[in-house]
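*Asks:* Input: one structure, supplied below.
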Amino acid sequence: MRVMKSSLSRTVFCVVMLNLLLSGMATAQGFQALREAMTPEELEAAGLNNLSSEQQEFLDAWLRQRFMAPSATVAVGQAGTNQAAPGNANPVGDSMTAGHSEATDNEAMEAEIERRVAIEVEAAINKAKEEEATEEAAREAARDEPFEAEIVGPFSGWSGNTVFTLSNGQVWRQRNGSNYRHTANGQTVEVRKNFMGLWTLRVKSSGRTIGVRRID
């Protein structure tokens, strides 16, 4: 369960990052830190509100390196260089061209950010689903495994409709009408499925067995 929650937390983080990046958090001109870009609710949902300042700086640096498109930044720099080149016969036209080029480069960078984050989000969601399916399969298998526990409270046997509260928190009820008076020492029981797939409870100190079904 802990693994599943962690995976889902990563998925929430990726979705939040997608919204932030596509809304302009990362641009060719600069990079806005997470704590400045995200609301307190978003920080809590992504699990980032408890990060230390060193951890926050590392995450901002990682995001800057991963999602800032180098090609777009270089293209903007080249546009500025062309604008300032000597012998420019049409400074107004070149300025408009440079501005158009910069806008186009920003759009291209945002499209690349969207593509990368979408891949990250899809991968995180798929991984969370796989881990959840694996955990559910493990839980299903564990439900059929025999186990030992102690009967909680006074135990004097069973008499047709007896309820057994076990030390692991489970509660079982007798499912047939037999009677047994327990006089041996010890209240350790073994619970397992029989060859018919029905659960039985065996008192280890006496060896007496009764059919049971779980009610909680």
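We did not get these values from a lab; they are worked out from the coordinates using the rules stated. What you see is a predicted model, and the numbers here were worked out from it, not measured in a lab.
*Asks:* What are the ³J(HN,Hα) values, in whole Hz, obtained from phi via the Karplus relation 6.51 cos²θ - 1.76 cosθ + 1.60 with θ = phi - 60°, for each residue of the stretch 172-189 in sequence order, with x given for Gly and Pro?
*Replies:* Running phi through 6.51 cos²θ - 1.76 cosθ + 1.60 with θ = phi - 60° gives 10, 10, 4, 10, 9, x, 6, 10, 8, 9, 8, 10, 6, 7, x, 10, 7, 10 Hz.
*Asks:* In terms of the Cα gyration tensor, with a ≥ b ≥ c the square roots of its eigenvalues, is the stretch 111-210 rounded because a/c is under 1.5, prolate because a/b exceeds b/c, or oblate? Could you put the intermediate results ahead of the total?
*Replies:* On the way: a/c = 4.50, a/b = 3.66, b/c = 1.23.
Note, shape of the stretch 111-210 comes out prolate.
*Asks:* Let me ask something additional. Kirkwood hydrodynamic radius (Cα pairs, Å) of the stretch 162-216? Can you show the working numbers first?
*Replies:* On the way: mean 1/r = 0.0861 Å⁻¹.
Kirkwood hydrodynamic radius for the stretch 162-216: 11.6 Å.
*Asks:* Considering the stretch 110-155, what Rg and Dmax in Å follow from its alpha-carbon atoms?
*Replies:* Both quantities, over Cα of the stretch 110-155: 21.2, 69 Å.
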